[in-house]
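Comments concern the structure below.
The values are calculated or read from the model by the stated rules, or taken from the named source; none is laboratory data. Computed from a prediction, not measured in an experiment: that's the story for all the values here. Neighbour counts are summed over all protein chains in view; Cβ atoms, including those assigned to glycine, are modelled from backbone coordinates with ideal geometry.
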């Protein structure tokens, strides 16, 4: 029961925690359809901001901006732009900056601030140019060229579009949509500039590209637009027959009136205008009327004003003046509404001609005023556009110069740092050399000192041998003679005492002596030593004695270690009341470590004074640069640690 | 050739030589020659080796009277020289040295037939030693024998493999069962042959008649619990 409860708990926890916020960001990002799409996108942005997932902030902001653009939501665009700008400031991701400028540009475009829009397109273009994103650069140039056409700066548009082609043409198939639009815009601009042949050439290029458009719907729109545009170029060339065949070809498209009403209207309008130019006024009026009806049906106000203007012109030609006036007035109204200045001028011109007296004068006054203002505006616009372009180009040039300068400076700096580094290297090398030298000298001195110490130990050893020998030979010999004499003179008690003394002296002499030391391996010596003290109730165990290559250890050091071990075992046996002694041998790279621990009664190592044996031992170990220490606690045994250099050779 | 044993006694102290001689005379009649230095002793052994060789040499270990130009300065050197020259002579050590290192060195490296201590060197001791030596056996006086045995016990105690074998042996009916159980320091297991060799050495070391005896002796001596 408990187990199942645990599992249930586990799985709920698991499922709760596995649903990370990141997943929900993707949920919001991927559910951007229908009514809640803006809400979801905003949620996605704020969530990714809270979690600091930068790529997602960027992604969500861009998506939000695009969606806002589609519904002409300027506030949404500003929101996205600001998010992207912050992202750029935080992470120096220029892509965000380019997008932010782009959003600013389309925002101004929606608000009809065309020069600001142009400026931001230009900025965006520069950013993407630095990022080497030729697709984006091409698209920005396209947008700029379209803006220029709108502002009647056809020459400017031409140059912009041609520049755009430079970026887009190399990657034809990938960027076919931008390429088609560029060709079309270029064609339009050239058409306005009255260069129908060149214009047509670009339209044909666009037609060539249109086949790469995989969407049937869009491809067909492209084709139909191009029929219209190419037809218009023939109209400009006054090659009406060709124009008519093209318009008719377009109009013959299967159920075009229902599927593509705009294209149908354009084509029909074009055809009608040809009829008008050919003098077939009634035919033209019929066509214009159908177009106007259609435009009314799809609520295409801009188109309606154009249709009204054309109808007014046709009725005037047909001498149906009242109808002409009516259409001219409607064209004027709708033209003003849609800021279609061309149309307004056209209608004012017709109205001036079709009215009399004061009314006519007023229309004419409006006409002249508008024309003048338009002229000035056009000039200033053109100038502004030119200025923007000029300044950016200047900036770019300056940037290039700055970059060059920077590079030179960097090179200079680099050279300086290199020189510095070389200097430091030399200095470091020198210091190292000096350090090395001193350390060599120091180690040599140390070595000499150590060797001297070892010699000292040897000398001491010889002295010991001398003492041992004289004890054995002279003292023991004398005692022996005395003993013989005493036993001969029947003083047996004294003889016995003397015998004890003799034994003691002999033992002392043996202890001091290191006879046979060189003939027996250190391990055997240690075994011998242990054997001297080993008893069933005083067990001595060694550990790790085989881990050390004793042959390579200096003899004086071995002797010292041996004596240290002996002294320690002796002390333990005498004082510790231990039953077990463990001797642990260890070797490090340069030292030998011996740890001797017993299970005896121990003593207070801080309070107890060291005996002469221990003092001698410590001194002996320290002479050869070793460390000797005893730790003990009452009832917790004693641990002796000896660490000496190896002095391998 | 006479049938008396020819014995060479070497010691730097005339008193000791006298003592040994009197003990020998108690044991039996021998053809005895004495020397005071190792060089002299070696010369005697060498010169008589073809014509009238010594059967037994008794020598001390330390000599105080060695001249600075002496070739052989210690009993050890003398024994070593004789061993190297491969003379057919039994060597016995009569000395006062009981330091384990020296004893071990002499017995282990020079392998004399006898090791006696001056303090206990009476007629019984020396007679027993001579009979053992002539029977191609060894005789170490009690104190030395004990020392050597103790040393062997210590050595066994330090030998993890030997301890394992001694502990495991009573648990198994056959020695072959031990194969795969006994491990070396590096974790590999010991082959049956190696186990048997080790057991033979242990029996020798502890002077045991068979494996059962070996276990009993090991327990008695405190090698295993």
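Kindly provide the set of residues from the range B:13-23 that are modelled with pLDDT of 90 or more, within 23 Å of residue B:43 (Cα to Cα) and surrounded by 17 or more Cβ atoms within 10 Å (Cβ to Cβ), ordered by number. Passing the criteria: B:17, B:20. Checking each residue in the range B:157-169 for being in contact with a strand residue (DSSP E or B) (Cβ under 9 Å, 6 or more places away or on another chain) and within 12 Å of chain A (Cβ to nearest Cβ) picks out B:157, B:158, B:160. Taking the criterion of being free of Cβ contacts under 8 Å to residues at least 12 places away in the same chain, assigned to a helix (DSSP H, G or I), within 13 Å of another protein chain (Cβ to nearest Cβ) and in contact with a helix residue (DSSP H, G or I) (Cβ under 7 Å, 6 or more places away or on another chain), would at least one residue in the range A:512-525 satisfy it? Scanning the range A:512-525, I find at least one residue that is free of Cβ contacts under 8 Å to residues at least 12 places away in the same chain, assigned to a helix (DSSP H, G or I), within 13 Å of another protein chain (Cβ to nearest Cβ) and in contact with a helix residue (DSSP H, G or I) (Cβ under 7 Å, 6 or more places away or on another chain), so the answer is yes. Residues that are surrounded by 16 or more Cβ atoms within 10 Å (Cβ to Cβ) and in contact with a strand residue (DSSP E or B) (Cβ under 7 Å, 6 or more places away or on another chain) were ranked within the range B:139-156; the one that is nearest to the other protein chains (Cβ to nearest Cβ) is B:148. When the criteria are applied in full, residue A:152 fails the requirement of being under 21 Å from residue A:228 (Cβ atoms) and surrounded by 23 or more Cβ atoms within 10 Å (Cβ to Cβ).
Here is a check on your reading of the model: is residue A:492 surrounded by 14 or more Cβ atoms within 10 Å (Cβ to Cβ) and more than 7 Å from every other protein chain (Cβ to nearest Cβ)? Judged against the criteria, residue A:492 is not a match. Here residue B:120 clears all of (1) in contact with a helix residue (DSSP H, G or I) (Cβ under 8 Å, 6 or more places away or on another chain); (2) exposed (fewer than 13 other Cβ atoms within 10 Å of the Cβ); (3) free of Cβ contacts under 8 Å to residues at least 24 places away in the same chain; (4) over 23 Å from residue A:506 (Cβ atoms) except the condition numbered (4). Say whether the condition of being facing chain B (nearest Cβ under 9 Å) and either surrounded by 15 or more Cβ atoms within 10 Å (Cβ to Cβ) or under 21 Å from residue B:143 (Cα atoms) (or both) is met by at least one residue in the range A:545-562. Taking every residue of the range A:545-562 in turn, at least one turns out to be facing chain B (nearest Cβ under 9 Å) and either surrounded by 15 or more Cβ atoms within 10 Å (Cβ to Cβ) or under 21 Å from residue B:143 (Cα atoms) (or both).
Within the range B:50-74, if we keep just the residues that are out of contact with any strand residue (DSSP E or B) (no Cβ under 9 Å at 6 or more places or on another chain) and away from every other protein chain (no Cβ under 14 Å), the residue that is surrounded by the most Cβ atoms within 10 Å (Cβ to Cβ) turns out to be B:72.
Being more than 14 Å from the chain's Cα centre (by Cα) and either crowded, with 20+ Cβ neighbours inside 10 Å or more than 10 Å from chain A (Cβ to nearest Cβ) (or both) holds for only one residue in B:129, B:135, B:114, and it is B:135. Taking the range B:75-104 as the search range and keeping residues that are within 11 Å of chain A (Cβ to nearest Cβ) and within 10 Å of the chain's Cα centre (by Cα), which one is surrounded by the most Cβ atoms within 10 Å (Cβ to Cβ)? So the residue we want is B:103. Within the range B:27-48, is there a residue that is at pLDDT 90 or above and within 14 Å of chain A (Cβ to nearest Cβ)? There is no residue in the range B:27-48 that is at pLDDT 90 or above and within 14 Å of chain A (Cβ to nearest Cβ).
One line per residue, one yes/no per condition, for (1) at positive phi; (2) more than 8 Å from chain B (Cβ to nearest Cβ); (3) outside any helix (DSSP H, G or I); (4) surrounded by 18 or more Cβ atoms within 10 Å (Cβ to Cβ):
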position: A:507; (1), (2), (3), (4): no, yes, no, no
position: A:510; (1), (2), (3), (4): no, no, no, yes
position: A:528; (1), (2), (3), (4): no, no, no, yes
position: A:541; (1), (2), (3), (4): no, no, yes, no
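Taking the conditions (1) buried (at least 20 other Cβ atoms within 10 Å of the Cβ); (2) within 25 Å of residue A:524 (Cβ to Cβ); (3) in contact with a strand residue (DSSP E or B) (Cβ under 9 Å, 6 or more places away or on another chain) in turn, residue B:9 satisfies each one other than (2).
What do you reckon, is residue A:460 surrounded by fewer than 18 Cβ atoms within 10 Å (Cβ to Cβ), more than 10 Å from chain B (Cβ to nearest Cβ) and touching a residue at least 24 places away in the same chain (Cβ under 8 Å)? Spelling it out, it is not the case that residue A:460 is surrounded by fewer than 18 Cβ atoms within 10 Å (Cβ to Cβ), more than 10 Å from chain B (Cβ to nearest Cβ) and touching a residue at least 24 places away in the same chain (Cβ under 8 Å). Just one residue in the set A:450, A:426, A:433 is surrounded by 10 or more Cβ atoms within 10 Å (Cβ to Cβ) and touching a strand residue (DSSP E or B) at 6+ places or on another chain (Cβ under 9 Å); that residue is A:450.
Those helices (runs of 4 or more DSSP H) of the range A:226-300 in which at least 1 residues are crowded, with 20+ Cβ neighbours inside 10 Å, considering only elements entirely within it, cover A:240-251, A:261-277, A:281-297.
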